[in-house]
Amino acid sequence: ASKQRGRNRFLFFDSEMGAEASERNQLEVELMRALEKREFVLYFQPRYDLRSNQVVSAEALVRWRHPVRGLVMPGKFIPICEETGIIEELGQFVLEEGCNQAIEWHRRGLDIGLSINVSPRQFSGDKLMETLRAFSQRPDFPNGYVELEITETALIGDLEMIAQKLRAITDLGFRIAIDDFGTGYSNLSYITRFPLNCLKIDKSFVDQLPDTIPIIQLILTMAAQIGVTTVAEGVETAEQIEQLAVSGCEQVQGYYFTKPVPLEAFEETTRRLNENGFSIDAGDAPEA
Ligand code: C2E
Ligand code: MG
Ligand code: MG
Ligand code: MG
């Protein structure tokens, strides 16, 4: 009887794994179809400047408007896209859509920057530079308003080659931010070797405030030394923002202000935040 149960358990385990694998395969096929059908859409999360008390830019975050599953979050599909290479095409879509949006905002006189996430695979591919060059040559391209968010994992390898690529990107008028800063395990010396504009302090440090104040202080000091902007990611409470502001963090982004919103809601959300976002004096949260 025990042998029987053992076999059953094995079979059960085996079919579970099979189900997981086939779900991934199905997702892969669906992702390619979704790209063709243009089911991906950008949401925008404001980045708030604690000195001017204004929204200064937005981060573009991709979502999948699935006809049956509804709105699918990037955590569900970006890793599969990265593994299969679909990310190069998806990233290309996000980059083009994002740059066009930045141009459109600028054309309408909105003084707002846009940050676009670039995956490691997309960063090492050839298409990226070609697209950036094409956008930078447009007469209406807003120089210095589009920022590429790159994680430390994309910056591993031939450091000289990476430095050259980053230099070429910044020469074209794009900014470079390090996303999820502090969570990678790479050699920190890159931050003086690479042309950087911004460090985005990972949400995990914000979550663990005030315990992480020494780490955040260290990052802020380093950032000031190399002359880059600092943004704290994933701020959810007024206490966190106050601690960050007192420490000298310049900008913040998080659910405290708003979740990422679709384009239709972005300008109204920004207007509301500019009127009543956060101030150290008032200190209270905007109406939900
Ligand atoms: P990320 O670039 O670090 O983006 C920040 C993530 O934190 C976003 O999740 C955002 O919605 C979420 N977030 C912001 N504030 C808060 C907060 O206060 N609390 C909590 N709990 N979460 C907050 P999202 O949109 O689900 O994206 C997850 C990750 O997927 C991104 O992390 C990024 O690595 C990746 N991703 C999203 N869009 C793209 C894209 O277009 N291209 C690439 N390559 N990756 C993307
Ligand atoms: Mg990001
Ligand atoms: Mg991040
Ligand atoms: Mg992240």
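The values are calculated or read from the model by the stated rules, or taken from the named source; none is laboratory data. Bear in mind the structure is a predicted one, so any value in this text is a computation, not a measurement. With ideal geometry, Cβ positions are generated from the backbone for all residues, glycine too; neighbour counts draw on all protein chains shown.
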Of all residues in the range 175-209, which are within 18 Å of Glu147 (Cβ to Cβ), buried (at least 18 other Cβ atoms within 10 Å of the Cβ), away from ligand 2 (no atom under 14 Å from the Cβ) and not hydroxyl-bearing (Ser, Thr, Tyr)? Ile191, Phe194, Leu196
Residue satisfying condition, being at pLDDT 95 or above and assigned to a helix (DSSP H, G or I), within set Glu130, Glu149: Glu130
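Kindly indicate whether any position in the range 252-267 is outside any loop (DSSP other than H, G, I, E, B) and within 16 Å of ligand 3 (Cβ to nearest atom).
Residues of the range 252-267 outside any loop (DSSP other than H, G, I, E, B): 252-253, 261-267.
With the extra rule that they be within 16 Å of ligand 3 (Cβ to nearest atom), the set shrinks to 252-253.
Yes, because at least one residue in the range 252-267 is outside any loop (DSSP other than H, G, I, E, B) and within 16 Å of ligand 3 (Cβ to nearest atom).
Scan the range 51-66 and tell me whether some residue there is of a type in the set (Phe, Trp, Tyr), near ligand 1 (Cβ under 9 Å from one of its atoms), at negative phi and at pLDDT 95 or above. Reasoning before the result, please.
Within the range 51-66, the subset of a type in the set (Phe, Trp, Tyr) is 64.
Narrowing further to those that are near ligand 1 (Cβ under 9 Å from one of its atoms): none.
No, because not a single residue in the range 51-66 is of a type in the set (Phe, Trp, Tyr), near ligand 1 (Cβ under 9 Å from one of its atoms), at negative phi and at pLDDT 95 or above.
So that you can scan it fast, the table gives a plain yes or no per residue for (1) β-branched (Val, Ile, Thr); (2) within 13 Å of ligand 1 (Cβ to nearest atom); (3) surrounded by fewer than 16 Cβ atoms within 10 Å (Cβ to Cβ); (4) at pLDDT 95 or above:
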| residue | (1), (2), (3), (4) |
| --- | --- |
| Ala224 | no, no, yes, yes |
| Gly227 | no, no, yes, yes |
| Thr230 | yes, no, no, yes |
| Glu233 | no, yes, no, yes |
| Arg271 | no, no, yes, yes |
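Limited to the range 220-243, what total is found for residues that are touching a strand residue (DSSP E or B) at 6+ places or on another chain (Cβ under 7 Å) and either within 16 Å of ligand 4 (Cβ to nearest atom) or assigned to a strand (DSSP E or B) (or both)? Before the answer, list the steps.
Initial filter on the range 220-243 (touching a strand residue (DSSP E or B) at 6+ places or on another chain (Cβ under 7 Å)): 220, 223, 228-233, 235, 241.
Imposing the further condition that a residue be either within 16 Å of ligand 4 (Cβ to nearest atom) or assigned to a strand (DSSP E or B) (or both) reduces the set to 229-233, 235.
So the count comes out to 6.
Hey, could you check the range 149-165 for residues that are within 15 Å of ligand 2 (Cβ to nearest atom) and not aliphatic (A, V, I, L, M) and say which is nearest to the chain's Cα centre (by Cα)?
Glu149
Which residues, counting only those in the range 160-189, are within 15 Å of ligand 4 (Cβ to nearest atom) and either in contact with a His (Cβ under 8 Å, 6 or more places away or on another chain) or not polar (S, T, N, Q) (or both)? Show your work before the answer.
Here is the first cut: in the range 160-189, the ones within 15 Å of ligand 4 (Cβ to nearest atom) are 177-184.
Listed by number, the residues that qualify are Ala177, Ile178, Asp179, Asp180, Phe181, Gly182, Gly184.
Taking the options Gly248, Gly277, name whichever one is buried (at least 20 other Cβ atoms within 10 Å of the Cβ), more than 19 Å from Glu147 (Cα to Cα) and more than 13 Å from ligand 1 (Cβ to nearest atom).
Details: Gly248 fails: buried (at least 20 other Cβ atoms within 10 Å of the Cβ).
That would be Gly277, the only listed residue that is buried (at least 20 other Cβ atoms within 10 Å of the Cβ), more than 19 Å from Glu147 (Cα to Cα) and more than 13 Å from ligand 1 (Cβ to nearest atom).
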